Amino acid sequence: MKNIVILISGRGSNMEAIVRACASEGWDARVAAVVSNRPDAPGLAFAQERGIATAVVDHTLFADRDAFDAELARVVGEFSPDVIVLAGFMRILTPAFVSRFERRILNVHPSLLPAFTGLHTHRRAIEAGCKLAGATVHFVTPELDHGPIIIQAVVPVLPGDTEATLSARILAREHQIYPRAVRWVVEGVLREDAGVVVHTGGESQLVL
């Protein structure tokens with residue numbers, strides 16, 4: 001059975017979706033821990049109520065990113081993670097952390113990468129006149145929002161959309177594709193060729 005460790009900073013709605021999918025779909029895995037950089041993250045209570053181990057590594061107690069990531073790596077490593085899931089984890093990980101857990105860290109980004117890396121993705125998509133937007137689950141590399149793409153979901157950008165309405169539509173899709181991507185990693189059905197991730201069973205990596 002494989003161990004999944006989920007990192008959160010707030011409510012962790014994607015964390016909730018993954019915990020529920022792992023249980024309801026009978027994955028050969030368990031969510032071994034939920035770790036937060038914020039002691040008051042609401043998602044910690046959700047995990048504790050379900051008997052999932054929790055830990056806090058408060059970033060405000062460390063002098064710099066390197067010191068914080070070193071302690072985070074130590075704490076995460078105690079749970080022997082096969083998969084590390086960033087679910088609204090509002091910290092940029094250092095290359096040292098990413099290298100230690102190479103190709104075991106997943107993130108979901110609220111755009112159709114490689115478009116609109118970084119912040120304010122919904123506003124930028126609307127301002128650019130995009131007719132489609134979406135979400136991308138990818139492996140994490142030292143370069144922010146540039147890791148190999150595992151799965152994407154597409155939503156329309158509707159007339160009159162605001163950041164809030166577009167964000168809500170995309171988040172619903174994230175709750176679909178993120179658990180699916182994590183399950184694929186658990187099942188070992190992904191192959192990477194020259195930076196392109198392929199599902200070896202032919203399952204669609206695009207949700208329309």
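The values are calculated or read from the model by the stated rules, or taken from the named source; none is laboratory data. Small disclaimer: the values here were computed from a predicted structure and weren't measured. Positions of Cβ are backbone-derived with ideal geometry, glycine not excepted, and every protein chain shown enters the neighbour counts.
Before moving on, here are some points about what is shown:
- Of all the listed residues (ASP82, ASP28), the sole one being loosely packed, with under 15 Cβ neighbours inside 10 Å, modelled with pLDDT of 95 or more and in the same structural domain as PRO95 (by TED's automatic domain parsing) is ASP28.
- In the stretch 33-56, the residues that are surrounded by fewer than 20 Cβ atoms within 10 Å (Cβ to Cβ), β-branched (Val, Ile, Thr) and assigned to a strand (DSSP E or B): THR54, VAL56
- Test: ARG91 is within 21 Å of ARG30 (Cβ to Cβ) and either in contact with a Pro (Cβ under 7 Å, 6 or more places away or on another chain) or touching a residue at least 12 places away in the same chain (Cβ under 8 Å) (or both): no
- Residue check for ILE8: in contact with a helix residue (DSSP H, G or I) (Cβ under 7 Å, 6 or more places away or on another chain), β-branched (Val, Ile, Thr) and under 22 Å from THR94 (Cβ atoms): yes
- Residue in the stretch 58-90 that is farthest from GLU102 (Cα to Cα), counting only those that are of a type in the set (A, V, I, L, M) and part of a loop (DSSP other than H, G, I, E, B): ALA63
- The single residue among PHE79, PHE101, PHE97 that is over 24 Å from VAL207 (Cα atoms), of a type in the set (Phe, Trp, Tyr) and touching a residue at least 60 places away in the same chain (Cβ under 8 Å) turns out to be PHE79.
- Condition check for ILE4 on (1) among the aliphatic types (A, V, I, L, M); (2) out of contact with any Ser or Thr (no Cβ under 8 Å at 6 or more places or on another chain); (3) in a helix (DSSP H, G or I): one failure, at (3).
- Counting the residues of the stretch 21-42 that are free of Cβ contacts under 8 Å to residues at least 24 places away in the same chain and closer than 21 Å to ARG180 by Cβ gives 3.
Quick grid of which residues meet (1) touching a strand residue (DSSP E or B) at 6+ places or on another chain (Cβ under 6 Å); (2) farther than 24 Å from ASP64 by Cα:
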| position | (1), (2) |
| --- | --- |
| MET15 | yes, yes |
| ARG20 | no, yes |
| TRP27 | no, yes |
| VAL35 | yes, no |
| ARG38 | no, no |
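- Among the residues listed as VAL186, VAL137, the single one being hydrophobic (A, V, I, L, M, F, W, C), more than 14 Å from the chain's Cα centre (by Cα) and either closer than 24 Å to GLU203 by Cβ or assigned by TED's automatic domain parsing to the domain that holds PRO42 (or both): VAL186
- Condition check for PHE97 on (1) over 22 Å from VAL186 (Cα atoms); (2) touching a Leu at 6+ places or on another chain (Cβ under 7 Å): one failure, at (1).
- Filtered by the rule that a residue be touching a helix residue (DSSP H, G or I) at 6+ places or on another chain (Cβ under 8 Å) and part of a strand (DSSP E or B), the stretch 95-108 gives ILE105, LEU106, VAL108.
- Subset of the stretch 185-208 (residues that are at positive phi and loosely packed, with under 10 Cβ neighbours inside 10 Å): ALA194, GLY202
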